[in-house]
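Enquirer: The structure's right below; bear with me while I get my questions together.
Every read-out reported here was derived from the displayed coordinates using simple, explicitly stated rules and does not represent laboratory data. Just so it is clear, the structure is predicted and the values come from calculations on it, not from any experiment. FYI the Cβ positions are ideal-geometry reconstructions off the backbone, even for glycines, and counts take in every protein chain you see.
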Amino acid sequence: MKYYSLNQQSPKVSFKEATIKGQAPDKGLYFPESLPRLDKNWIAGINGKSNAALAFDVIQPYAGNDIPEDELRRIVAETVNFPSPLVQVNDHIFALELFHGPTLAFKDTGARFMSRCLGYFAKERSEKITVLVATSGDTGGAVAHGFYDVEGVDVVILYPSGKVSSVQEKQLTALGKNIHALEVNGTFDDCQRMVKQAFADESLTQKRVLTSANSINVARWLPQQFYYFFAYKQWSEKENPPVFCVPSGNFGNICAGMLAHISGLPAAHFIAACNANNVVPRYLHSGKYEVKEALPTLSNAMDVGDPSNFVRVLQLFGNNFINLKKMLSGYTITDAETKDTIKKVWEKTGYLTDPHGAVGYLSLQRYIAQHPGQKGIFLETAHPVKFYDVVEPLTGEKVPLPPSVERLLHLPKHSIVIDAAYPALKNYLLQH
Ligand SMILES: *Cc1c(COP(=O)(O)O)cnc(C)c1O
């Protein structure tokens, strides 16, 4: 498979090059030159396949030229080695739990796949590759765990001191080995600015191979298709396919789901569930795409004012607004509605959602109220314990810590404190 830049000003590249580069030189996002099709028999036989075999078949057309079959099978098996259960919440609504990976967020799947691909590509090179990433919380942990102990790859994570939760901080700082945490005396925006300056600094990039691990990387985006197929495998009414409702921020996750659908995954409809950061739902109503500053909300991993992957969604539909609207609806959920949903769903059904999942649940419920007879799945993208400060006052109960998190909290923190200024980052990168 070749990948072209959606800005059309850069040459086509292989999967390997797209993974190492992240973004095209013309600042466009890479997009596959053709969309693979899974045939009807493959879909009909889905329940006879293991998750690893199924995921391999999905990703093989995208990566198969650059990674030999046995390596790709190993990478995929390691990526999907935790469950993604589909849990029934009420008559019409199911939760696809994507929080059973090492950092309790759906980003584990993309991070695990990308890290292993990059690790494979690093073996062929003499130089180390450095993954440089700024995080406001979740991305850093998933990237740290994904790349932990991957040979030939160093990871440098910048996070704002005192502004990530204690669980998130331990996920970044307790691992050690090839994972280096820089605790920045500043904000997330400072961290992001410093990382951007590093990528643009040729005097640095000539000395050190830098790559990013954010969600625009094809090796993080494409494997997110896997769990949509795992959901369909667990769906009992195969002749009545589900509506998929996806809590969305940068739109990488939902875009992967729609790509899976175009490749053959049965789905009735897709819903972009958003918080107050609702550029896309407003676009779907008015046809006007108006970017806004990000607003802080309770579902903070979706606080994105200008979703970077939406250009890929548009491309999937050939930039045809009418076709897009047939397949995609958008809903906006306020913080008050998010809290109310966490509380009501818990009281009525005993199912505990996190704030992101709650935005998904309520959006799906609204869609079903307008389309009686439909049933659907919302993606539960994070474990509620990550947001215990929001959830516990609503339910009046403690969210039990999973044993993996319990262990992590007892490990020592290792971070290097630096100033919120680019020279501090550059010095670090040149000296380590
Ligand atoms: C990143 C994230 C999202 C948003 O996913 P996108 O692919 O950026 O749309 C939703 N929920 C959680 C918990 C996340 O960490």
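Enquirer: So what is the relative contact order of the chain, in percent, for Cα pairs below 8 Å that sit 6 or more residues apart?
Expert: Contact order relative to length: 18 percent.
Enquirer: Using DSSP to call loops (not H, G, I, E or B), can you name the trypsin sites (Lys or Arg not before Pro) in segment 106-148 whose Cβ has at most 16 other Cβ atoms within 10 angstrom?
Expert: Those that pass, being in a loop and sparsely packed, are Arg125, Lys128.
Enquirer: Kindly work out what percent of the DSSP beta bridges joining two residues of the chain are antiparallel, to the nearest 5.
Expert: 20
Enquirer: Now for a separate question. Over segment 36-155, what is the relative contact order in percent, taking alpha-carbon pairs closer than 8 angstrom and at least six residues apart?
Expert: Normalised by residue count, the contact order of segment 36-155 is 19 percent.
Enquirer: In µm²/s, what is D for segment 136-218 at 37 °C and 0.692 mPa s, where D = kT/(6 pi eta Rh) by Stokes-Einstein and Rh is the Kirkwood radius from Cα pairs?
Expert: For the chosen part, D equals 246 µm²/s.
Enquirer: Shifting gears a bit: Given N residues in segment 283-432, what is its alpha carbon radius of gyration divided by 2.2 N^0.38 Å?
Expert: Dividing the Cα radius of gyration by 2.2 N^0.38 Å gives 1.37.
Enquirer: A further question on this structure: Determine the relative contact order of segment 341-418: mean sequence separation of Cα pairs under 8 Å and six or more apart, normalised by residue count, in whole percent.
Expert: It rounds to 28 percent for segment 341-418.
Enquirer: What's the whole-number percent of alpha carbon pairs in segment 379-423 lying beyond 14 angstrom?
Expert: 66
Enquirer: Based on the alpha carbon coordinates of the chain, what radius of gyration and maximum Cα-Cα distance (Dmax) apply, in Å?
Expert: 20.7, 62
Enquirer: Past the 27 Å Cα-Cα mark, which pairs from Lys107/Lys339; Lys207/Lys386; Lys21/Lys426; Lys16/Lys238?
Expert: Lys207/Lys386; Lys16/Lys238
Enquirer: Restricting the calculation to Cα positions, tell me the Rg (one decimal) and the Dmax (whole number) of segment 306-388 in Å.
Expert: 15.0, 44
Enquirer: Based on the Cα atoms of segment 163-305, what semi-axes does the equivalent ellipsoid have, where each is the square root of 5 times one gyration tensor eigenvalue, given in whole Å with the largest first?
Expert: Those come to 33, 20, 17 Å.
Enquirer: Now, a different point. Would you pull out the residues with amide H under 5 Å of Thr211's amide H, same chain only if 5 or more places away, H placed 1.01 Å from N?
Expert: Placed amide hydrogens put Thr130, Val131, Leu132 under 5 Å from Thr211.
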